[in-house]
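Notes follow once the structure below has been shown.
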Amino acid sequence: MRNTYETGSGTMATDDAPVRFETKIAFDTKIAVLLRDDLETWQRLNVTAFLVSGLGTVVPEVIGEPYEDADSTAYLPMLRQPVLVFEGAKEALAAAHAKALSRSLVTAVFTSDLFGTGNDRDNRAAVRAVGRDALDLVGLAVYGPRNAVDKVLKGARMHP
């Protein structure tokens, strides 16, 4: 899959061409996180990090190449496209969750119960203990075709 970049001058470039910083990148997919609007700042950051952490294990093409500085120090690769962060009320998360599942989009959930656990095993057990429609969602990550993700997030607002 090749991405097309719209340059500031209106010309198009491909992945192989250099792209200036001010270039707007047009991906055909979208990574979005929807956070409940009543979370503390530390919770928003924590939930966002947890939600996007698994994406590359299921959709490896979202991961770019490893980084390296001028001294040849190696760094981990990161997501190759932006993560858009939205917020909404509890009802907006429930609606987005239902829409994402009905469209078979790649989805990650973070429930309020996970703030009280301390490890991955207990996190998974907390989610498994509650039915899909009864999950107390505080965060949701969605990945898929841009237009499908936009429909899932309809009514949510960009995080300030």
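The values are calculated or read from the model by the stated rules, or taken from the named source; none is laboratory data. A quick note: this is a predicted structure, and the numbers were derived from the prediction, not measured. When we count neighbours, we look across all protein chains shown, and the Cβ atoms used for this are built from the backbone with ideal geometry, even at glycine. With ligands, DNA and RNA removed, areas are computed over all heavy atoms of the protein, side chains included. Shrake-Rupley method; radii C 1.70, N 1.55, O 1.52, S 1.80 Å.
Peptide packing for 86-97, 111-122 was compared via the average number of neighbouring C-beta atoms within 10 Å per residue; ordered from the highest value, the list is 86-97, 111-122. Normalised by 2.2 N^0.38 Å, where N counts its residues, the alpha-carbon radius of gyration of region 57-127 equals 1.52. To the nearest 0.05, what FRET efficiency results for M78 and R103 with a Förster distance of 30 Å applied to their C-beta separation? That gives a FRET efficiency of 0.70. At a probe radius of 1.4 angstrom, the accessible area of region 81-137 per residue rounds to 57 square angstrom. Proximity of backbone amide H atoms, modeled 1.01 Å from N, is registered between H159 and V85, F86, E87 at under 5 Å, excluding neighbours fewer than 5 places apart on the same chain.
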